[in-house]
Amino acid sequence: MTEYLSSLAKGLEPYVPGEQPGDGDYIKLNTNESPYPPSPKVQETIRKMADGSLRLYPDPSSGVLIKAASAYHGVPEEMIFAGNGSDEVLAFAFAAFYAGKKVVFPKVTYSFYPVYCGLFNAGYSQLPMVEKLGMDLDGMAGCGCGVVFPNPNAPTGELAGLEWVERIAASNPGNVVLVDEAYIDFGGESSARLTGKYENLLVVQTMSKSRALAGMRIGLAFGSEKLIDGLKRVRDSFNSYPLNRLSQYAGAAALEDDAYYKDMCGKIIRTREKSFGELERLGFEFIRSSSNFILASHPEVPAAKIYQVLKGNNILVRYFAKEPLQNHIRITVGTDGQMKILFDRLEKIIGGC
Ligand SMILES: *Cc1c(COP(=O)(O)O)cnc(C)c1O
């Protein structure tokens, strides 16, 4: 098989995404999707836009989406970029700002970052975690190289305050500091507006989690014109139409129906807080996440067993086997009903049945 591969492809160590079973029989708590549907207005927009205009290429600059994002975040349109999911935006950023250079990120974080470094030949180092699974924010401040971290971090759910984003951006002039805000709507404050103050700050967001649009693949970036131009350079050297027509309109409609999404995120946050109590009751050790997932381990029952038994009962969670996260599961916060089924089953597993 490898005889066909380029030396670039041979050297890759691809990301392994969470399972996506084809049938709908699972309670799916493994890839941090929303348990709720996207806004009815978004669904209506998609239906309306699915017409003869699909014969045409979409707007290469995703104008309607960027206009809506500008109004929503109070960031000028020239400082916003849209891509086919934030994974693509992240890939463009690694190519534009870190290829052939050096970047640091936490040891325990989104496992796609080292993969992009491999693809674009960026040197990287992984900062050891502090106090168990905390990010070394001090280590990222003033490191004199590129910095990437999710805020809140994944898969721990730890939130860093805006004062940290400012400190890390201000102390690394000339290097791009990328904050991946995939989960910011579940309890944090976005640093998107800070991009007006720090030319080297790039803030990346996705509509896959808090906007319940993982199936549409919509990612955004906020940054100075210099950084946005860097992303455009890479985009236009790769695929000038990254975002399809339906996604552009769906994304704009999602930003325009904020009341629906505030309500939805509020529900998820309340379910998360209740779940902390349930995990405590069952003797789990876990991080009080600011996100829509909870990283947990049990002192007596191996995570591998919990994962397997849950799967046998049609409940999918994410299992981590690689050090330093061995013996952990990550549970996406579902609906109250889904979480009740999960905790009933966990109770039986922990009780030895
Ligand atoms: C889910 C996730 C992404 C990817 O989001 P897409 O927009 O679906 O590509 C990026 N970063 C982190 C930390 C994530 O968890």
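For this structure, a couple of remarks:
- Within the accessible area of the chain (1.4 Å probe), percent carbon and sulfur: 52 percent
- Anchor Lys101: aspartates and glutamates whose Cα lies under 16 Å away (excluding residues fewer than 8 positions away in-chain): none
- Extended-chain gain in nm, criterion 0.36 nm per residue less alpha-carbon gap, Tyr241 and Asp25: 74.3 nm
- Restricting attention to the chain, close to 50% of DSSP beta bridges with both partner residues there are antiparallel.
- Segment Ala99-Met49, length gained on full extension (0.36 nm per residue, minus Cα span): 14.2 nm
- Residues whose amide H comes within less than 5 Å of that of Ala182, counting only those at least five positions distant or on another chain, are Asn151 (H built at 1.01 Å from N in the peptide plane).
- Cβ-Cβ distance of Val309 and Ser111, R₀ of 30 Å, FRET efficiency by 1/(1 + (r/R0)^6): the value works out to about 0.75.
- Within a Gaussian network of the chain (alpha carbon springs, distance under 10 Å), most fluctuating of Glu273, Glu300, Glu166: Glu300
- Dividing the convex hull volume of the alpha-carbon atoms in region 40-257 by its residue count gives 108 Å³ per residue.
- With each label modelled as a point 7 angstrom along the Cα→C-beta vector, the Lys41-Glu347 pair spans 4.1 nm.
- Cross-link partners of Lys340 among aspartates and glutamates (Cα-Cα below 20 Å; sequence separation of 8 or more within a chain): Asp25, Glu33, Glu273, Glu278, Glu280, Glu285
- When +1 charges are put on Lys and Arg Cβ atoms and -1 charges on Asp and Glu Cβ atoms, the dipole computed for region 288-341 relative to its Cα centre reaches about 100 debye.
- Net dipole in debye of the chain [+1 Lys, Arg Cβ; -1 Asp, Glu Cβ; about Cα centre; nearest 20]: 380 debye
- Whole-Hz ³J(HN,Hα) from phi, Karplus 6.51 cos²θ - 1.76 cosθ + 1.60, for region 126-142, glycine and proline x: 9, 6, x, 6, 10, 6, 6, 10, x, 6, 7, 5, 4, x, 7, 6, x
- Taking a straight Cα-Cα cut-off under 25 Å and skipping sequence neighbours fewer than 8 places away in the same chain, the lysines within cross-link reach of Lys41 are Lys28, Lys67, Lys209, Lys262, Lys267.
- Heavy atoms of the protein chains alone define the surface here; on that basis region 160-247 has 38 Å² accessible area per residue at 1.4 Å probe size.
- Whether region 148-210 is rounded, prolate or oblate, judged on the alpha carbon gyration tensor where a/c under 1.5 counts as rounded: prolate
- Computed from the alpha carbon atoms alone, the convex hull of region 222-304 holds 185 Å³ per residue.
- Segment Lys322-Glu285, extension gain: residue separation times 0.36 nm, minus the distance between their alpha carbons: 11.5 nm
- Amide H within-cut-off set for Val130, under 5 Å, with H built and near neighbours excluded: Met135, Asp136
- Annotation: per residue accessible area for region 269-353 equals 46 Å², rounded to a whole number [probe 1.4 Å, protein chains only].
The values are calculated or read from the model by the stated rules, or taken from the named source; none is laboratory data. Note that the coordinates shown come from a computational prediction; the quantities given were computed from them, not determined experimentally. Neighbour counts run over all protein chains shown; Cβ positions are idealised from the backbone, glycine included. Ligands, DNA and RNA are stripped out before the accessible areas are found, and what is left, the full protein with its side chains, is counted by its heavy atoms. Shrake-Rupley method; radii C 1.70, N 1.55, O 1.52, S 1.80 Å.
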